[in-house]
Amino acid sequence: MDELLSVSVGGAFVGGDRPVLRENIDDLSRMVEEADVLLREKGRDDVDGFGWINLPYQDLSETIEIGRWLSGFEAIVQIGIGGSALGNRMLAKALLPPFYNELDASVRKAPKFYLLENPDPKTAVSLLDRLDLSKTAFIVVSKSGSTTETAAHFLWAWQKVREKMGERASDNFLIITDPRKGILRKFAKSTGCRSLNIPESVGGRYSVLSSVGLATASALGINIEKLVQGAKEMDQRLALRSHLWENPAWLLACINLLHAKAGRNMAVMMPYGDDLADFAEWFAQLWGESLGKEGCGTTPVRALGAIDQHSQLQLYAEGPDDKLITIIDVNNRPLFLLPDVVDIDALKDLEFLYGKALGDLLSIEARSTASALVKAGKPIIYLKIPEVSERYIGALVFFYEYVTALVGFLMKINPFDQPGVEQGKRYIYSLMGRKGYKEYVKEVEEYFGACQKMEIII
Ligand SMILES: O=P(O)(O)OC[C@H]1O[C@H](O)[C@H](O)[C@@H](O)[C@@H]1O
C-alpha cells in the first residue's frame, strides 16, 4: 500500500526539562481509544458536529454539476468568512498553479477566482472594478446564513448585479447554506437562485470537504473526486490502526495533549512551500476554535518554511520552551534545476548549488530546521506527504480534522462548538442596529469604556 503521509514523532520526545516520554503516551492509550470509538459512533449517527466524518462518502454528483455550471463564468467570487472561506483559500493555493488569476485564459481553462472575506472597502471596491458583473458568479457561503461580514458583502454584490442585470441577477448567484434554516435559505427559495446544502451536522471549520469547499474547487478544475477519495482512504486506514503506536492520529493527539499539559501552549504549524501556506491558515481556525475553551487549548501559530527560518526560527530555537512545532515536508516537488555551471569566477563559492533542484533545497531546509530544533531541545513533529495533489491534500485535511477532534475529547471539551465567538457577534449586531440586539449596546459601552480607561493620545 502506498503511503498517504508519514509522521516522525521522535523529535516530540524532546522538550528541555519537560520532555514527553513514551510511557506518558502509553498512559493515554485507553483514553484515546475510547475517544476514537466515541467519534466514530457519533459520526455514524450523524450527531450534530460529527457529520464531517461522513463527508468522504458523500454523493458528489450535484456539486460536480454545479461546478460545471460555475466553470462557464469568466470569474467566480466566493463571499464567506472563517470556515466558509479558509478551506477554499487553502485548496486554491495548494492545487491551482501559482499566480492563477494572472494566467492567460487559454492556459487557465477555468474562471478567475476571488474571495471576499474581510469587510474592507478597499478590497471590495477594487475587486468590483476588475469584474464584468454579467460574467461573474457570486457564491454566497454561510452555514448560519447571518454572519455580518458575509451578509454585508452579499447585499452589496446583489444590489450591484441587480442594477446591471435586473430580474436575471439571481442567475449569477449560488447560495451554499443550511438545508432548512437561515436568511440565505429563505433568499434562495424566494428568488429561485441555485443553492447547495451544507449538511446540518457539519460545522463551518470542518466543512471544506462539503459543498463549501468543493463547489468552487470543482469549478476551478480541481479534481474533487480525488480529494474526497484521499480523505476516504485516510479514514479507512485510520479505522484499521487499533494500536496507539501504529495510529498517527492517536499518537499526535496524545503528544499534543501532553505538551499542552507540560506548558507548551502554542502549536506552530510550519509547512514548507508556498502552496501549503494557507494550509496553516486553515489549520489555525480548526485548532483555535475547536480547542480553545474552558481554559484549554493551545494557540495555533501560522509559519511558513523556508521564509520563517529567516524570521521566527531564532525564537523557536532559543526562545521560551512553550511551543510544539509541526513541520510539513513534501516528497515530490516539480523539478526545477539550477544551472550546472555559471561561468563567472566571482560566483565560484556558489558551486555547491550548481545543478541542484530547488524543491530538494526546500526539503533539505525542512530537515535541517527539524534537526536544529531537536538539537536545541525543542519538541517537533515532522510530517511528510508524498506530493501536493488532490489525493494527499484530501488525506491531510481529514487527518488534521481527526486529530483535532481527538485532542478535544482528550481535553474533555466539545471540539465542535464555539461559544466564545458568539458574544462578539451579538455586540456587532447591537452596534449595527440589528433588531432584537439593542440590549447589548449598553454592555459594549461598559466594556469598551473599561478597555479605554487609560487612553493615551499623542
Ligand atoms: O458559515 P457562517 O455561519 O457564516 O460562519 C462563519 C464563521 O463564523 C463564526 O465566526 C464562527 O466562529 C466560525 O466557526 C464560522 O466558520
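A few comments on the model shown:
- Per-region count, the range 270-313, residues among the hydroxyl-bearing types (S, T, Y) and within 17 Å of F399 (Cβ to Cβ): 1
- Residues satisfying the stated conditions in the range 132-159, i.e. within 12 Å of the ligand (Cβ to nearest atom) and in a loop (DSSP other than H, G, I, E, B): K143, S144, G145, S146, T147
- Of all positions in the range 384-391, at least one carries a residue that is free of Cβ contacts under 8 Å to residues at least 60 places away in the same chain and not aromatic (F, W, Y).
- Taking the range 409-427 as the range and being under 24 Å from Y206 (Cβ atoms) and outside any loop (DSSP other than H, G, I, E, B) as the test, the residues that pass are F409, L410, P419, G420, V421, E422, Q423, G424, K425, R426.
- Residue within the range 102-111 that is touching a residue at least 24 places away in the same chain (Cβ under 8 Å), under 21 Å from Y429 (Cβ atoms) and either out of contact with any Leu (no Cβ under 7 Å at 6 or more places or on another chain) or outside the structural domain of G80 (by TED's automatic domain parsing) (or both) present: no
- Pairs where the first residue, in the range 74-97, is without any contact (Cβ under 8 Å) to a residue 40 or more places away in the chain and the second is assigned to a loop (DSSP other than H, G, I, E, B), C-beta under 8 Å, 6+ apart: P97/L103
- Within the range 277-287, tally of residues that are buried (at least 24 other Cβ atoms within 10 Å of the Cβ) and closer than 24 Å to L361 by Cβ: 1
- Only listed residue being of a type in the set (K, R) and within 16 Å of the ligand (Cβ to nearest atom), chosen from R89, R44: R89
- Within the range 370-382, at least one residue is within 24 Å of Q312 (Cα to Cα), without any contact (Cβ under 8 Å) to a residue 12 or more places away in the chain and surrounded by fewer than 16 Cβ atoms within 10 Å (Cβ to Cβ).
- Of the residues making up the range 58-85, those that are among the hydroxyl-bearing types (S, T, Y) and within 16 Å of the ligand (Cβ to nearest atom) number 1.
- In the range 194-217 there is no residue that is more than 15 Å from the ligand (Cβ to nearest atom), modelled with pLDDT of 95 or more and polar (S, T, N, Q).
- Inter-residue pairs, beta-carbon under 9 Å, first over 20 Å from A35 (Cβ atoms) and in the range 230-241, second among the acidic types (D, E) and modelled with pLDDT of 95 or more, 6+ apart: G230/E390
- Cross-chain or 6+ apart pairs with Cβ under 8 Å, the range 133-159 first and closer than 20 Å to G67 by Cα, then within 12 Å of the ligand (Cβ to nearest atom) and acidic (D, E): K143/D178
- Condition check for L95: surrounded by 15 or more Cβ atoms within 10 Å (Cβ to Cβ), away from the ligand (no atom under 16 Å from the Cβ) and over 17 Å from the mean Cα position of the chain (by Cα): no
- Annotation note: of P415, P386, P419, P379, the sole residue that is modelled with pLDDT under 95, within 30 Å of L258 (Cα to Cα) and not hydroxyl-bearing (S, T, Y) is P419.
- Of all residues in the range 274-288, those that are closer than 14 Å to T326 by Cβ have Cβ atoms under 7 Å from Cβ atoms of residues that are in a helix (DSSP H, G or I) and more than 16 Å from the ligand (Cβ to nearest atom), 6 or more apart or on another chain, in L276/A94; F279/A94.
The values are calculated or read from the model by the stated rules, or taken from the named source; none is laboratory data. Quantities reported herein were computed from a predicted structural model and do not represent experimental measurements. As a convention, Cβ positions derive from the backbone with ideal geometry for all residues, glycine included, and neighbour counts pool all protein chains shown.
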